[in-house]
Structures are given as C-alpha cells and as structure tokens.
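The values are calculated or read from the model by the stated rules, or taken from the named source; none is laboratory data. Model, not experiment: these values are computed from the prediction. Ideal geometry is used to build each Cβ from the backbone, glycine not excepted, and the neighbour counts take in all protein chains shown. These area figures cover heavy atoms from the full protein model, side chains too; ligands, DNA and RNA do not enter into them. Shrake-Rupley method; radii C 1.70, N 1.55, O 1.52, S 1.80 Å.
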Amino acid sequence: MKDRAVNRVRLRDSIETLGRVGLDDSGFRTRLALDDGDKAGRDLLVSWLEASGLEVKVDAIGNIFGILPGEEQGDPVMLGSHIDTVRHAGRFDGCVGVLGGLEVLRTVAERGISHRRSLAVAAFTNEEGARFAPDMMGSLVLAEEVSVEDMYSRVDDDGVSVGEELERIGYRGSDLVRPSAYLEIHVEQGPYLDMKGVPFGVVDGVQGIVWWQGRYVGQANHAGTTPMGMRNDSLLAVSHLHVKMTELAESMGGCATIGKISVDPYIINVIPGETGFTLDLRHPDGEKLASMKEEAERTMDDLAERFGLEVRYSREADVAPVSFDEDLVSMIQSVADERGLSSTHLWSGAGHDAQIMSHIVPTAMIFVPSIGGKSHCPQEDSDFDQIADGVDVLLECAVRLANR
C-alpha cells in the first residue's frame with residue numbers, strides 16, 4: 001500500500017546517533033570489527049532493539065538479530081547489513097541497512113501491520129574485513145560456508161583473535177537464526193546513481209571478490225654499496241605487481257587494488273628485505289575473475305623468480321559473483337514504480353552480506369545514491385529523503401514477503 005511509510009525523523013535520528021559512535025578527538029569515525037567502538041555501536045543497537053520490543057538474539061560469531069514474531073512459526077524474512085566500519089569511515093555504509101531494517105520492524109509493530117512470517121533485522125559481524133579477514137565473516141558463518149572455529153582463530157595485525165575479542169566485548173552468543181529470505185538496503189558507494197540523477201537503484205547482483213595476503217622475502221642491504229644488479233629488493237616486486245595487476249584489471253574490465261604494504265626494515269638507506277602486501281581483485285563475470293586469479297598468482301610467482309625472492313601468499317577471501325533472485329528484484333522494481341520513484345538497474349562493485357545470503361535464500365538489494373560517489377571516507381554522504389524513500393520500498397517488500 002502506497003500510504004505505508006516509516007518514521008523519517010526517527011530513521012534520521014538513528015543514523016545520526018549511531019554515526020557519533022566511534023568518533024575520535026579529530027572527528028574521524030572508526031568502529032573496526034569487535035573493537036571498543038564496535039562494542040559501543042552494538043550496545044546502542046541492542047538497546048534500540050529491546051526498547052522496540054523485539055526479541056534479541058546473538059549467534060556464535062556475534063551476529064545480532066532483532067526479531068518481530070509473525071502469526072505463524074517459521075524462519076523470518078530478514079533485513080540487515082553491518083555497523084562495523086573501515087578506519088576513518090562515513091556514517092552511512094552498512095548502517096542504513098541495519099537501521100532501515102530496524103525502522104521497518106518498528107513501523108510494522110507500531111501500526112499493527114499484519115505479517116504471517118516473522119520479520120528480523122540483522123547486524124552482521126566483520127562485514128568490512130578491515131581488521132580481520134575474510135570480510136563478510138558473519139554472513140559466511142551463518143551460511144555455513146566457513147566454520148566458526150576457523151573464524152575464531154583469525155587474528156588482526158597485532159595477533160589478537162576474533163574469538164578473544166568476541167569474549168572480551170560480550171558478543172560470543174549461542175543462538176541460531178536462519179532467514180527464509182533476505183533484503184538489504186545500502187548506499188551505492190559509487191558515483192553512478194548520483195551522476196545519473198536517479199534516486200533509486202535496483203541491484204541485479206554483486207561482482208566477485210578475491211583477496212590475498214602476501215609477502216616477498218629478499219635481503220636487506222646497504223642502499224649505497226649494493227649495486228642495482230646485485231639486489232634482492234622485495235619492494236621492487238610489489239611495485240611491479242601493482243602495475244601488472246592494474247593493467248590486467250583495465251584490460252579485462254575489472255578492478256585491482258593493493259591496499260596495504262608493510263616494508264621491513266622501514267629505513268631510508270636500507271634495501272627492503274621483506275615486504276608484505278594485500279591484493280584485491282574484483283569482476284562481475286565469474287570466468288573472467290577466474291582468469292584474473294590465475295594470472296595474479298602466476299605473476300606473483302614470476303616476479304619472485306625474476307628478482308631472486310621468496311614469495312608466500314594465501315587467499316583470504318574468494319567470493320564468486322552472484323545474481324540476485326529474479327522474483328525479488330521484480331518486486332523491488334514494482335514497488336518503486338508504484339511509489340513513483342525513478343529507478344535504474346545496476347550491479348554492485350562492493351561486496352555485501354547479501355552476496356553471501358544469496359547462496360542460501362532468495363535475496364535482493366536496494367541502492368540509494370552516494371553523493372559524489374564517495375564512500376569509505378569521512379566525506380561519505382547521502383540524502384536522508386532518498387534513504388527514507390528506499391526504506392519505504394523495503395517496508396512494503398518485507399510485508400509482502402512475510403505474507404506470501
């Protein structure tokens with residue numbers, strides 16, 4: 001029904017309030033998975049779930065669920081995303097999906113909107129992967145694509161494990177919640193919708209993502225006395241890898257990023273003996289992504305041989321491209337049309353929990369524009385009315401799904 005709408009003022013207040021959690025003295029927002037900022041955000045979310053009369057559950061990997069029981073027994077229609085962030089993040093990434101889902105459940109409960117199936121909102125653990133690998137950890141565990149025991153053993157750069165941190169912040173639960181369908185609203189995080197002046201995006205799928213952690217090991221030596229032809233410079237291999245992966249991505253229509261480099265020793269007049277690096281490759285076509293993976297590992301090996309180095313690398317994430325459920329995509333499009341929202345179809349360049357959930361249940365996504373296409377930075381911004389329009393569509397779709 002077109003007159004169904006969420007409380008826009010409350011939705012905005014929720015986003016702004018959570019956005020103040022994790023701010024440092026310089027005004028930078030950081031809630032890395034399972035750190036103190038993330039705990040504060042989780043505690044705030046749980047307080048809202050409880051105040052809204054929802055049943056709160058936490059599973060073994062720390063995923064948080066708020067459940068509004070339906071008229072019948074069964075797995076809920078789930079809405080959600082994440083509240084962990086990258087370092088120096090914006091306030092919308094992930095949070096729009098969680099707080100938009102919360103606002104849907106609040107609205108259904110307050111207005112007594114009939115729903116046969118239960119409704120649930122989820123906040124997944126470590127979607128970003130900014131502290132622990134792999135990203136989308138919480139949804140991977142829920143989908144049983146990785147073991148929770150393996151994820152407990154994953155460590156951050158300081159050697160602190162996921163299991164230790166879940167215990168420390170009090171979010172190592174034991175509940176089990178599985179959805180019957182999954183919907184996620186998210187800011188686009190790219191420039192397409194904003195550039196086209198389109199306020200609503202119907203997402204057809206998510207491109208695949210592969211992550212590596214790697215390290216080249218050579219020989220540290222004097223920068224002035226070691227001739228260029230007699231060096232085993234580990235950083236030189238990473239430099240060549242960066243260029244070659246950039247050229248590979250450009251030639252195949254994908255994306256390649258080396259986002260982290262650590263040099264040892266980190267001294268101006270010493271040849272780098274060891275260099276650690278990360279590599280992120282993405283493509284919406286599964287066959288092309290597979291070709292990029294093969295070429296990446298062949299290149300890492302070839303560069304080690306070329307420069308007289310040892311190389312060690314491991315895949316930390318390997319998620320295939322997905323196409324979302326056609327019926328749910330059509331439903332989203334239909335509701336947007338009913339509400340007079342100008343829309344377009346697009347693929348997501350970023351990974352999302354919806355990508356993983358699509359492996360086990362019918363799944364679809366809604367995008368709202370990111371102003372200037374900025375994300376994963378303090379300048380990230382979106383229009384609150386466009387967000388609320390998207391959440392109104394989410395509300396209608398959730399109710400229709402719950403009453404199927």
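At a glance:
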item	result
FRET efficiency, 1/(1 + (r/R0)^6) with R0 51 Å, evaluated for Ser26 and Glu144 via beta carbons	0.80
In degrees, nearest ten, helix 234-252 long axis to first principal axis of the chain (Cα)	50 degrees
Across Lys260/Lys288; Lys293/Lys374; Lys260/Lys293; Lys244/Lys374, pairs whose alpha-carbon gap is larger than 21 Å	Lys260/Lys288; Lys293/Lys374; Lys244/Lys374
Charge dipole magnitude, Cβ of K and R +1, D and E -1 - the chain, Cα centre, debye nearest 20	500 debye
For Ile366, residues with placed amide H under 5 Å, excluding near neighbours	Glu184, Ile185, His186
Length added when fully stretched, Ser239-Ala51, from 0.36 nm per residue minus Cα-Cα	62.4 nm
Interchain or long-range residues, amide H under 5 Å from Leu23's placed H	Thr30
Label point distance in nm, Arg400-Ala320, each placed 7 Å from Cα along Cα→Cβ	2.9 nm
Cα centroid of the stretch 330-404 to Cα centroid of the stretch 134-178, whole Å	27 Å
FRET efficiency, 1/(1 + (r/R0)^6) with R0 25 Å, evaluated for Asp43 and Glu72 via beta carbons	0.20
Karplus-derived HN-Hα couplings along the stretch 371-379 (A = 6.51, B = -1.76, C = 1.60, θ = phi - 60°), whole Hz, x at Gly and Pro	5, x, x, 8, 7, 6, 7, x, 7
In degrees, nearest ten, helix 8-19 long axis to first principal axis of the chain (Cα)	30 degrees
Computed accessible area, Ser343, all protein chains, 1.4 angstrom probe, square angstrom	40 Å²
Antiparallel DSSP beta bridges within the chain, as percent of all bridges there, nearest 5	70 percent
Net lengthening on full extension, Ser334/Asp175 (0.36 nm per residue, minus Cα-Cα)	53.7 nm
3J(HN,Hα) from dihedral phi, the stretch 390-404, Karplus parametrisation 6.51/-1.76/1.60, rounded to Hz, x for glycine, proline	x, 5, 4, 5, 4, 4, 5, 5, 5, 5, 4, 5, 5, 9, 5
Computed helical MRE - 222 nm, the chain, DSSP H runs ≥ 4 contributing -39500 (n - 2.57), nearest 500	-11500 deg cm²/dmol
Stretch gain in nm, segment Arg111-Cys377, where the contour uses 0.36 nm per residue and the Cα spacing is subtracted	92.1 nm
Distance between the stretch 7-83 and the stretch 186-262 - C-alpha centres, whole angstrom	32 Å
Sites Arg10 and Glu167, calculated FRET efficiency, Cβ-Cβ separation with R0 35 Å, nearest 0.05	0.55
Antiparallel content of DSSP bridges confined to the stretch 1-140, in %, to 5	70 percent
Of all accessible heavy-atom area on the chain, the percent that carbon and sulfur account for (1.4 Å)	47 percent
